[in-house]
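Below is one structure, written out as structure tokens; comments come after it.
Where a number appears in this text, it was derived from the coordinates with a stated rule and is not lab data. Everything numeric here is computed off the predicted structure, so don't read it as measured data. Methodologically, a virtual Cβ is constructed for each residue, glycine included, from the backbone with ideal geometry; neighbour enumeration extends over all protein chains shown.
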Amino acid sequence: MTTTPTVGVLALQGDVREHVEALESAGARAVPVRRRSELEAVDGLVLPGGESTTIDKLLRIFELDEPLRDAVKTGLPVYGSCAGMILLADRIEAGIEGQRTLGGMDVTVRRNAFGRQVDSFEADLDVVGIEGAVRTVFIRAPWIEQAGPDVEVLARIPSHASDGSRVAVGAGKIVAARQGRLLATSFHPEITGDARVHALFVTMVRAS
Ligand code: GLN
């Protein structure tokens, strides 16, 4: 692997530019991916957040769903954030009728898991493999409800907030995980100006 890997950002919906910038500051060359030929040219891929049901439909329209499934199966490193986490999950709870995922991670994700009252929130979390707390932003986020034995849990929602109050929703739920070359977070690291999650992924791409 070259020292500057090329990492694609699926560019059908979501924070494409922010992911490109975070990847570049993490030492990768970042390129948008909309076509099969573009997918074939990358060493790793980011699936941004957005709306997983829409991305599912767009993947089929752009005829990227099968190539992407194959790429995941044959070991392309992929990082999915929020809706991207949903796409990487083998199983989905609270999906819409007919919603499909790409799969690859032996997890069950719950869509919109935090519910209406805590639609969006921020938290400082410890993430395995990253030194110091990570400021995380959750936007109508999923969580991982169940994870198989090969899944490494990287972060959970704590039971207490930094002010000492009990966390009402989601305490203990998995919000970051890794399985082999796949990385998933419930939160959006691309909008905080902190590229450490992207750097973790770039390290995975370099190692592959
Ligand atoms: N709720 C969205 C979904 O189900 C995910 C939200 C996000 O990616 N910010 O796809």
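What does the convex hull of the Cα atoms of the range 157-208 come to per residue, in Å³, rounded to a whole number? List each step's numbers first, then the result.
Numbers: hull volume 4.9 nm³, N = 52.
Enclosed volume per residue, from the Cα hull, is 94 Å³.
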Exercise for review: Search the structure for amide H atoms under 5 Å from the amide H of Val33, placed 1.01 Å from N in the peptide plane, and list their residues when 5 or more places away or on another chain.
Suggested key: Val9, Leu10, Ala11
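Report, please, the projected area of the range 66-175 averaged over directions, based on the convex hull of its C-alpha atoms, in nm². Display every interim value, and only then the final one.
Numbers: hull surface 30.5 nm².
Result: 7.6 nm².
Taking only the C-alpha atoms, wrap a convex hull around the range 1-56 and report its volume per residue in Å³ as a whole number. Before the final figure, lay out each step's value.
Values: hull volume 3.7 nm³, N = 56.
In the range 1-56, the Cα convex hull volume per residue is 66 Å³.
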Practice item. Grab the eigenvalues of the alpha-carbon gyration tensor for the range 118-176, scale each by 5, take roots, and send me the semi-axes largest first in whole angstrom. Key: 18, 14, 11
Review point. Which of Ala176, Pro142, Val153 sits farthest toward the positive end of the charge dipole of the range 133-177, with +1 on the Cβ of Lys and Arg and -1 on the Cβ of Asp and Glu?
Key: Pro142
Study note, to complete from the structure: Working note, the range 1-152: Cα radius of gyration (Å, one decimal) and Dmax (Å, whole number) are 15.3, 46
Review point. Quick one: if the Förster radius is 30 Å, what FRET efficiency do Thr6 and Glu63 give, using the C-beta to C-beta distance and rounding to 0.05?
Key: 0.90
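How much length is gained on full extension from Ala207 to Gln146, taking 0.36 nm per residue of separation minus their Cα-Cα distance?
Details: separation 61, 0.36 × 61 = 21.96 nm, distance 2.72 nm.
That works out to 19.2 nm of additional length.
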Check your understanding: Taking the alpha-carbon centroid of each part, what is the distance from the range 4-41 to the range 42-113 in angstrom?
Key -> 16 Å
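Using per-residue counts of other Cβ atoms within 10 Å, averaged over each peptide, order 17-29, 62-74 from highest down.
Working: 17-29: 20.2, 62-74: 15.8.
Ranking, from highest mean packing down: 17-29, 62-74.
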Point to revise | Distance (nanometres) between label positions extended 7 Å along Cα→Cβ at Glu40 and Val153 | key: 4.2 nm
Review point. So if we plug the beta-carbon distance of Arg91 and Ala168 into 1/(1 + (r/R0)^6) with R0 = 22 Å, what FRET efficiency do we get, rounded to 0.05?
Key: 0.30
Check your understanding: Can you tell which of Val7, Gly27, Ala94 lies farthest toward the positive end of the dipole of the chain, using +1 and -1 charges on the Cβ of basic and acidic side chains (Lys, Arg; Asp, Glu)?
Key -> Ala94
Review point. What list of ³J(HN,Hα) couplings, whole Hz, do you get for the range 136-143 from phi and the Karplus terms 6.51, -1.76, 1.60, once you set θ to phi - 60° and write x for glycine and proline?
Key: 10, 10, 10, 10, 6, 7, x, 10
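Filter the GluC sites (Glu not before Pro) in the range 95-156 down to the DSSP loop ones having no more than 12 other Cβ atoms within 10 Å, then list what survives.
Working: sites: Glu97, Glu122, Glu131, Glu145, Glu152; in loops: Glu97, Glu131.
Passing both the DSSP loop test and the Cβ count: Glu97, Glu131.
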Exercise for review: Using only Cα atoms, tell me the angle between helix 16-25 and the longest principal axis of the chain; keep it within 0 to 90° and round to the nearest 10.
Suggested key: 90 degrees
Review point. By per-residue mean of other Cβ atoms within 10 Å, what is the highest-first order of 82-89, 104-111?
Key: 82-89, 104-111
